[in-house]
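Reading through the structure tokens given below for one structure.
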Amino acid sequence: MLVNGQWQRHWDPVQKQDKDGRFIRQTSSFREHFTADEIQAIGKGQRDLSLYVALICPWATRALIARSLLGLQDYFDVKVVAPKMTDYGWAFDHFPGASDPDRVPFDFMHELYTLSDPDFTGRATVPVLWDNQARRILNNESADILQILNDEFRPLHQSDYQLRPQDQLDAIEQLNQRIYTQLNNGVYQAGFAQSQKAYEEAYQNVFTMLDELEQRLNDRRYLFGDAIVETDIRLFVTLTRFDVAYHGLFKTNKKRISDYPNLSRYLVDLLQIPAFAENTNVTHIKQGYYSIKALNPPQIVPKGPALDWLQYLPAQARGE
């Protein structure tokens, strides 16, 4: 991580922990939004932005799916780090599916952070919405980026997809928070727990939420009916990583997503939409998670599992 702008030690998956060994995630530091004039400048090509992501990362994949779903590919490009975490954090190399390092002006993600704040202390996370002209981070919080793309960029995309409909927004945000706490971040709290108590607490939260979502999908296509909203993107990115990595590596092994009929149907349904399938890369997911030395010292990457939904992904992305 960075301390006062200097890389201090090799990457460690456990960011912080409380007195009971519970994993605590770092809070995002760059939280800029856009004015109407700034959006207009982007539309005219007067602002040059990039989205820096890791295909292993669920938070970054949220932003990628929204960019594709809303049709914003022409307004900012994407830079993809290699999936294997190095001793210096996210890096650019010639891994298939990652950006060509010869076309990226950085070797490591932490360079973007020290350019933005020479005294930055913390972890160099993704996603990052980057200003190529000012050479600084605008926003590194995926929840903000989803809102920015759906709401603030709407004059540019005018999409039929409304991920944050006003008449359902309170309910969406409430479910977003519960899914994040118990499931999206809950799997990490189980995997990176530093005590049996913390692990069992997180484990229980994960499967309580999965059971609830399975029931919720009994009588509806998506989480809020027949239209995709932000919550569906947030859930999808965890579901696609669950059987592949979380079930084994993070010890959330009570059940697999493939054991839940409604969640499995829902996952396949979303994968029929190109924005979801094209931004899901199981090769990167497996290589990335199983490169975490603290959880997998020999860094052996499993060949399985065999999952029916892999057929909907591009061949290079299946991880088979």
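The values are calculated or read from the model by the stated rules, or taken from the named source; none is laboratory data. From a predicted model like this one, the values you see are computed outputs, not experimental measurements. Neighbour counts run over all protein chains shown; Cβ positions are idealised from the backbone, glycine included. Just so you know, the surface numbers come from the protein's heavy atoms only, side chains and all, with ligands and any DNA or RNA stripped out. Shrake-Rupley method; radii C 1.70, N 1.55, O 1.52, S 1.80 Å.
Just a few scattered comments:
- Note that the chain presents 44 Å² accessible area per residue, ligands and nucleic acids not counted, probe 1.4 Å.
- For region 103-232: span of alpha carbons on each principal axis (Å, largest first): 48, 47, 26
- Computed with every protein chain present, the accessible area of E200 is close to 100 Å² [probe 1.4 Å].
- Ellipticity estimate at 222 nm from DSSP helix runs (n ≥ 4, -39,500 (n - 2.57)) divided over the chain, nearest 500: -10000 deg cm²/dmol
- A straight chain from K254 to Q196 at 0.36 nm per residue would run longer than the Cα-Cα distance by 19.3 nm.
- Working from Cα pairs under 8 Å separated by at least six residues, relative contact order for region 130-257 is 24 percent.
- Reachable aspartates and glutamates from K293, criterion Cα separation under 15 angstrom, eight or more residues apart if same chain: D12, D87
- Both radii were evaluated on the Cα set of region 156-303; the Rg over Rh quotient, with Rh as the Kirkwood radius, amounts to 0.98.
- For the chain, share of DSSP beta bridges that run antiparallel, in % to the nearest 5: 75
- Per-atom-type breakdown for the chain gives carbon and sulfur 45% of the accessible area (1.4 Å probe, protein chains only).
- Mean separation of Cα contacts under 8 Å (6+ apart) over length of the chain, as relative contact order %: 20
- Cβ charges +1 (Lys, Arg) and -1 (Asp, Glu), total dipole of region 1-157, debye: 360
- Modelled FRET efficiency - R0 22 Å, Y161 with Q46, Cβ distances, 0.05 increments: 0.25
- Note on the chain: with charges restricted to the Cβ of Lys and Arg (+1) and Asp and Glu (-1), its dipole about the Cα centre is near 920 debye.
- Stretchable slack from D211 to D87, in nm (0.36 nm times residue separation minus alpha-carbon distance): 40.9 nm
- Dimensions of the chain along the principal axes, based on C-alpha atoms and rounded to the nearest Å, stand at 50, 46, 40, largest first.
- When +1 charges are put on Lys and Arg Cβ atoms and -1 charges on Asp and Glu Cβ atoms, the dipole computed for region 200-320 relative to its Cα centre reaches about 440 debye.
- Qualifying trypsin sites (Lys or Arg not before Pro) in region 42-72, where qualification requires a DSSP coil assignment and no more than 11 other C-beta atoms within 10 Å, comprise K44.
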